[in-house]
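> Just dropping this structure here.
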Amino acid sequence: MADPVIVTHNLSREYVRDEFRVIALKDANIEIHKGEFVALMGPSGSGKSTLLYLIAAMERPSSGELLVLNQDLNDLSDSEIAGWRNAHIGFVFQSFNLIPVLTALENVELPLKLTNLRKSERIEHAQTALKLVGLGDRMGHFPRQLSGGQEQRVAIARALVTDPDLILADEPTGNLDANSANEVLSMLERLNKEYGKTIVMVTHDPHAARFATKIRYLEKGELLPEGQKPEDWMASV
């Protein structure tokens, strides 16, 4: 088996709101290896998105260990984390997060503006990423001129354009109809199988999870042992 690219040990995230303490994730232990496509499943509030955001260094853990690509994220400052994330992580959001006044090409080019690439090189990389997701003929279109499925494919192209080590997707089909969802899931599956991309996807949809090579379940902030499902999922999955 390939070396692990994500390792957590007793990883926890707690939020303090007024006098209340909310434990979003408690003592999570997981290893994800290079080339895996892992689905994190569970009902709303189970902690799956919290775990994904910790892996992406978008949130800081309250306690525990987190190694991503052999980097202890606790050792990085906020400014160092921003540069590290841009170099290594491609993130796909449920709500696309495209900028309405920019074309598909301009949206995909955005992460490259934090690199040392020249303008012509950035454009070339963005064009290549859009062609890879099947939108070579939509480069000059604005988000409002695209379908939901096409918008999400632009978002995937934006996540790919820096050639990241990890692709992290938070409910990437949550706002899509069935046909568009299948197109996006097939695209992620292709990126994993044909290009060897390591993908971690949060989903509550059993159909979406079937595109992954491994499924891990969370319940009430706890990551269940590999192969175990929450009781309320046993009848429906």
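> What do you get for GluC sites (Glu not before Pro) in region 1-93 restricted to DSSP loop and a cutoff of at most 10 other Cβ within 10 Å of the site's Cβ?
Sparse-neighbourhood loop GluC sites (Glu not before Pro): Glu19.
> Something else now. If you place +1 on the Cβ of every Lys and Arg and -1 on the Cβ of every Asp and Glu, how big does the dipole about the Cα centre of region 1-103 come out, in debye to the nearest 20?
Around 340 debye, computed over region 1-103.
> Applying the Karplus parametrisation 6.51 cos²θ - 1.76 cosθ + 1.60 with θ = phi - 60° to the phi angles of region 120-127, what ³J(HN,Hα) value in whole Hz is obtained for each residue in order, glycine and proline being reported as x?
For region 120-127, the Karplus-derived couplings read 4, 6, 4, 4, 4, 5, 5, 4 Hz, x marking Gly and Pro.
> Give me the dipole magnitude in Debye, nearest 20, for region 64-162 about the Cα centre, with unit charges on the beta carbon: positive for Lys and Arg, negative for Asp and Glu.
Its charge dipole is roughly 560 debye.
> Exposed loop trypsin sites (Lys or Arg not before Pro) only (DSSP loop, at most 15 other Cβ atoms within 10 Å): please give the longest stretch of the chain free of them, not including the sites.
In the chain, the maximal stretch lacking such sites is 1-117.
> How many angstrom lie between the Cα centre of region 3-71 and the Cα centre of region 78-144?
Taking the Cα centre of region 78-144 as reference, the centre of region 3-71 is 26 Å away.
> For region 86-149, what is the relative contact order in percent, using Cα pairs closer than 8 Å and at least 6 residues apart in sequence?
Contact order relative to length: 43 percent.
> By a straight-distance test (C-alpha under 18 Å), which lysines pair with Lys220 as possible cross-link partners, with residues fewer than eight away in the same chain excluded?
Result set, ordered by chain and number: Lys26, Lys48, Lys229.
> Would you mind working out the magnitude of the charge dipole of region 162-235 relative to its Cα centre, with +1 at each Lys and Arg C-beta and -1 at each Asp and Glu C-beta, to the nearest 20 Debye?
Magnitude of the dipole: close to 240 debye.
> Something else about it: Express in nm, to one decimal, how much length is gained between His207 and Asn70 on full extension, taking 0.36 nm for each residue of separation and deducting their alpha carbon distance.
Full-extension gain reported as 46.1 nm.
> Measure nothing but the geometry: give the 0 to 90° angle between the long axis through the Cα atoms of 78-88 and the longest principal axis through the Cα atoms of the chain, rounded to 10°.
Rounded to the nearest ten degrees, it is 60.
> Moving on to the next point. List the residues whose amide H sits under 5 Å from the amide H of Val5, counting only those 5 or more places along or on another chain, with H placed 1.01 Å from N in the peptide plane.
Ile32, His33, Lys34
> Can you compute the radius of gyration and Dmax for region 120-159, using only the Cα atoms, both in Å?
Rg and Dmax of region 120-159, Cα atoms, are 9.5, 29 Å.
Laboratory data are not the source of any read-out in this text; all were calculated from the coordinates shown. For clarity, every value in this text was computed on a predicted model and none was experimentally measured. In this analysis, Cβ positions are derived from the backbone assuming ideal geometry, glycine residues included, and neighbour counts consider all displayed protein chains.
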